[in-house]
Amino acid sequence: MLGDLKSKKLIVAKGALFGLCLLTSALALWLQNPSLVTALLLAILAWSSARLYYFLFYVLQTYVDPSLKYSGLWAMLRQVLKRR
């Protein structure tokens with residue numbers, strides 16, 4: 001298993017790569033159907049994905065249950081399934 005990323009420069013680079021992936025995929029999808037509706041739907045998709053991630057990794061832990069600590073979506077799913 002890989003250790004935690006500690007380098008601030010690498011953390012920023014990782015974020016920039018995620019942003020590049022987002023922009024590249026949104027552009028590719030928009031180019032397949034270049035319309036205002038497609039652009040709006042892509043913007044809503046990006047915004048709502050970011051809000052969901054914030055909800056899952058900050059809001060639940062801070063306001064619902066402080067014991068909800070997980071490193072990613074798969075870890076969260078495993079923890080939820082273990083509790084049931």
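In this structure, is THR24 surrounded by fewer than 12 Cβ atoms within 10 Å (Cβ to Cβ), among the β-branched types (Val, Ile, Thr), assigned to a helix (DSSP H, G or I) and out of contact with any strand residue (DSSP E or B) (no Cβ under 6 Å at 6 or more places or on another chain)? Outline the logic, then answer.
Values: surrounded by fewer than 12 Cβ atoms within 10 Å (Cβ to Cβ): yes; among the β-branched types (Val, Ile, Thr): yes; assigned to a helix (DSSP H, G or I): yes; out of contact with any strand residue (DSSP E or B) (no Cβ under 6 Å at 6 or more places or on another chain): yes.
Yes; evaluated as a whole, the condition is true for this residue.
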- Of the residues in segment 37-70, how many are closer than 21 Å to LEU22 by Cβ and not hydrophobic (A, V, I, L, M, F, W, C)? 7
- Could you check, for segment 55-71, whether at least one of its residues is in a loop (DSSP other than H, G, I, E, B), in contact with a Leu (Cβ under 7 Å, 6 or more places away or on another chain), surrounded by 10 or more Cβ atoms within 10 Å (Cβ to Cβ) and at pLDDT below 85? yes
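In this structure, is ALA16 touching a residue at least 12 places away in the same chain (Cβ under 8 Å), surrounded by 10 or more Cβ atoms within 10 Å (Cβ to Cβ) and either under 19 Å from the mean Cα position of the chain (by Cα) or assigned to a loop (DSSP other than H, G, I, E, B) (or both)? I'd like the intermediate steps shown before the answer.
Details: touching a residue at least 12 places away in the same chain (Cβ under 8 Å): no; surrounded by 10 or more Cβ atoms within 10 Å (Cβ to Cβ): yes; either under 19 Å from the mean Cα position of the chain (by Cα) or assigned to a loop (DSSP other than H, G, I, E, B) (or both): yes.
For ALA16, the condition - touching a residue at least 12 places away in the same chain (Cβ under 8 Å), surrounded by 10 or more Cβ atoms within 10 Å (Cβ to Cβ) and either under 19 Å from the mean Cα position of the chain (by Cα) or assigned to a loop (DSSP other than H, G, I, E, B) (or both) - is not met.
Can you tell me how many residues in segment 28-42 are aliphatic (A, V, I, L, M) and surrounded by 12 or more Cβ atoms within 10 Å (Cβ to Cβ)?
Here is the first cut: in segment 28-42, the residues aliphatic (A, V, I, L, M) are 28-29, 31, 36-37, 39-42.
Keeping just the survivors that are surrounded by 12 or more Cβ atoms within 10 Å (Cβ to Cβ) gives 29, 39, 41-42.
Number of matching residues: 4.
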- Inspect all residues belonging to segment 4-17 and state whether any of them is of a type in the set (Ser, Thr, Tyr) and either modelled with pLDDT of 95 or more or more than 26 Å from MET76 (Cα to Cα) (or both). no
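The values are calculated or read from the model by the stated rules, or taken from the named source; none is laboratory data. Remember, predicted model here, so these are calculated numbers, not experimental data. Cβ atoms come from the backbone with ideal geometry, glycine included; neighbour counts cover every protein chain shown.
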